[in-house]
1. Which count do you get for residues in the stretch C:60-90 that are within 14 Å of another protein chain (Cβ to nearest Cβ), touching a helix residue (DSSP H, G or I) at 6+ places or on another chain (Cβ under 7 Å) and in a helix (DSSP H, G or I)?
2. Quick check, is residue C:146 at pLDDT 95 or above, more than 14 Å from chain D (Cβ to nearest Cβ) and in contact with a strand residue (DSSP E or B) (Cβ under 6 Å, 6 or more places away or on another chain)?
3. Kindly evaluate residue B:48 against the criterion of being touching a residue at least 40 places away in the same chain (Cβ under 8 Å) and under 17 Å from the mean Cα position of the chain (by Cα).
4. Restricting to the stretch D:109-142, what's the tally of residues that are touching a residue at least 24 places away in the same chain (Cβ under 8 Å) and either within 14 Å of residue D:196 (Cβ to Cβ) or touching a Gly at 6+ places or on another chain (Cβ under 9 Å) (or both)?
5. Considering C:124, C:102, which residue is within 14 Å of the chain's Cα centre (by Cα), away from chain D (no Cβ under 14 Å), of a type outside the set (A, V, I, L, M) and farther than 15 Å from residue C:220 by Cβ?
6. Identify the residue in the stretch D:23-45 that is of a type in the set (Phe, Trp, Tyr) and within 12 Å of chain C (Cβ to nearest Cβ) and, among all such residues, is nearest to residue C:209 (Cα to Cα).
7. So, in the stretch C:77-100, exactly how many residues are among the polar types (S, T, N, Q) and closer than 19 Å to residue C:187 by Cβ?
8. Of all the residues that make up the stretch C:98-129, how many are part of a helix (DSSP H, G or I), among the hydrophobic types (A, V, I, L, M, F, W, C) and closer than 24 Å to residue C:38 by Cα?
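The values are calculated or read from the model by the stated rules, or taken from the named source; none is laboratory data. These numbers were taken from a predicted model, which means no experiment stands behind them. Every residue, glycine as well, gets a Cβ built from its backbone with ideal geometry; the counts of neighbours run over all protein chains shown.
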4 protein chains.
Amino acid sequence: MAALEQHADALVTSDDPQHPANLICELCRKFYTLGWVTGTGGGTSIRKDDKLFIAPSGVQKELMRPGDMFVMDFESKEYLRRPPVLKPSACTPLFLAAFTLRNAECCIHTHSQWAVLVTLLCERKASESNVFAISTLEQIKGVPRGYGPEKKGNLGYYDTLKIPIIENTPHEEDLKDTLEQAIQDWPDAHAVLVKRHGIYVWGKDVAQAKTLCESLDYIFQLAVEMHKLGLPWVKE
Amino acid sequence: MAALEQHADALVTSDDPQHPANLICELCRKFYTLGWVTGTGGGTSIRKDDKLFIAPSGVQKELMRPGDMFVMDFESKEYLRRPPVLKPSACTPLFLAAFTLRNAECCIHTHSQWAVLVTLLCERKASESNVFAISTLEQIKGVPRGYGPEKKGNLGYYDTLKIPIIENTPHEEDLKDTLEQAIQDWPDAHAVLVKRHGIYVWGKDVAQAKTLCESLDYIFQLAVEMHKLGLPWVKE
Amino acid sequence: MAALEQHADALVTSDDPQHPANLICELCRKFYTLGWVTGTGGGTSIRKDDKLFIAPSGVQKELMRPGDMFVMDFESKEYLRRPPVLKPSACTPLFLAAFTLRNAECCIHTHSQWAVLVTLLCERKASESNVFAISTLEQIKGVPRGYGPEKKGNLGYYDTLKIPIIENTPHEEDLKDTLEQAIQDWPDAHAVLVKRHGIYVWGKDVAQAKTLCESLDYIFQLAVEMHKLGLPWVKE
Amino acid sequence: MAALEQHADALVTSDDPQHPANLICELCRKFYTLGWVTGTGGGTSIRKDDKLFIAPSGVQKELMRPGDMFVMDFESKEYLRRPPVLKPSACTPLFLAAFTLRNAECCIHTHSQWAVLVTLLCERKASESNVFAISTLEQIKGVPRGYGPEKKGNLGYYDTLKIPIIENTPHEEDLKDTLEQAIQDWPDAHAVLVKRHGIYVWGKDVAQAKTLCESLDYIFQLAVEMHKLGLPWVKE
């Protein structure tokens, strides 16, 4: 058993800053500063080859260390490493949805206040409360157009960015079905907003997931400010 | 006397970053960045075994050093260490209330502007000005449900978070009676807002107190933004 | 070819923190913190003697390293160094406009949300939507008066600062003609706002471009807040 | 002359972080992060014994080094050290006013946007546009009551904080007369707001000036938010 544990610890021990266990810690320190993972909220997972590295539940995200990571075998969904004391992230089934259905390699979940406010503003609308839409902003060009060879590159300036919004559930893992449904219904989406909760964002690699998450958060903050100033989100 | 002083200094001297005297300094540097202890405002105390470690009054919180800490014997309430020059925190009787009545091990007092604005918005209401209430937000799940075995875990998504608000007094130590009364009247509360002043937050350990403080501050900021956007705090 | 590559790498290798390749990295880390280059947005270029140093396209600006820089010969406009993998910045023709037409030595492009909001507020106005104007603020004194010996120094407190606003285009490089036109039409301008996009700012050296960029961003944020509070931008 | 220069350089060379030349650099880095000295704005001066240490004009405040400091003999008002290239701060006569008339040992000048917005909101009022007044906030207790033995300590919770506002002038040094007049007219003031410009704050030592500056900035930000939310500044 001691040998097994040593083997498991080796999975998260590396001098390479690009190792997923190190990278998740570095990302979460940044996300803490951005206000995305306040009070142990949010989560991050990276898929590397046949393994998933997942930040644990309920920890101070800015203080995480590589040894806190859960490691799961992607095919069998069995844990290769479970840190004693810590609990696996309730986001795990949702990360899996993005990894499986969209072949993503990184999935980020934030509690960004701007994301929450955007869902609240959409909720109040009589119609189309299940989608956030905005157009004609340069930063939209930071959002991938979709999947597959004919959807290469990012959205254009005149495009309308649409992000589906799903209902929140009392238990995070119960979001799985509606998140998967949203991924099916919105085949181009790289992100799903969760009402009064936050956002799930994924990408083909860490850089895409992280920079997309930044671009979207920028757009949500801008959208809230635009609303305060009486400026419409979709250009007429 | 030199021997006594040496003995007292040993109470706050440690290489362990988890030692309360080190931890309070680290926390206060973070709180300064978050805008919670601006201009020497706010305070923090940790109880470890039979000793209380308390940040002094009137110092620049981001510059504090372990040697600035007061140490009090929890049972006798006598100071085991009083740094010369510095004054004990006026929050001390309030920290004691949380430690004694709620068996807390960490108590944090902030002057967060969002907390103050929330009390001002509640004050203006004709009724129920002595409680802040908000519901149906994921971040509410960062707040403990209460005390005792049957109140294990945290509030749920559909629960309404309620934080009592007490009147401010000219002298901080005079908040003691009303704070203690609020603790009695709100047996589940882990925090009390003080009108036009800030908040006291406590927890069973440092991690709980600090992350709860973050979750509440997140909720207060969201509440102020929701108010600006005409969104009700409690979902109808 | 190996020799050529070594020669090219020498162009961006220096221990001097003031070397353009080092300076651009340092600036972009700062700009990331200021929210100016979120999600790989924005860009920066420095001209040193007969060479241009240009941050690449589509990279995380806070993580850039000197080895990521493109180097261009200013006269021939040919690349002396192209990092493999990376793409040259789409801002390059716009940086060239400032370097060529205004003899600038540094040009900064940000996606500042305040800049974007100011263009949105101007867009809504029936008249003069192609210029942002504000007066009677001390920070205006951080803006150069213009070019040439008789326009020495900066604007005065009672002056009205005017920044031209140009339409955005789907492809950044297509901004070149209108940016050049704006530079011609506004012979004193050190900056051009791009609608729903951001701003281009330049200066005779790095310090002037960077501090001007800060002063303008400060003014844009103030302008948005003034608008929320019903305060006119130009003093009557 | 080389000997003279060496002597002058010794005035700003010290390993002690509390040496004024080091302290001003440290403070200005902090002030930059707080948005108080954006774009070379603002300034800081410390009086130590018979010498004044003054940050230069027009430099990037977060990059300042001890060698950039001007040193003035307090009695003769002659420079003991003038760094070549750099210009003395236009704030110097205003710092001198606080040092001379109020026996201050530190004076801070910021371009805080909250301070500017507060002066704009006061300017719009029909009456009393020359004073900012606010009451019944805990943070007011961070403001000294005045000068002299009978004004010991700080304002109380129920007190009304009043900060005089003076008109701005095209040239900073021309503020001297009105600032001195305001100091005479408001014998208890530790700060003077300058319309559409910023604030001058002073204290008996660095800690008092800096923490007062923080408390006031906190109050100004709160005041702007209160105004947005329709909450009166002075409690009725």
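1. Selection size over the stretch C:60-90: 2.
2. Details: at pLDDT 95 or above: yes; more than 14 Å from chain D (Cβ to nearest Cβ): yes; in contact with a strand residue (DSSP E or B) (Cβ under 6 Å, 6 or more places away or on another chain): no.
So residue C:146 does not fit the description; no.
3. On the way: touching a residue at least 40 places away in the same chain (Cβ under 8 Å): yes; under 17 Å from the mean Cα position of the chain (by Cα): yes.
Answer is yes for this residue.
4. 21
5. From the options C:124, C:102, the qualifying one is C:102.
6. In this case the residue turns out to be D:32.
7. 1
8. Adding up the residues that qualify gives 9.
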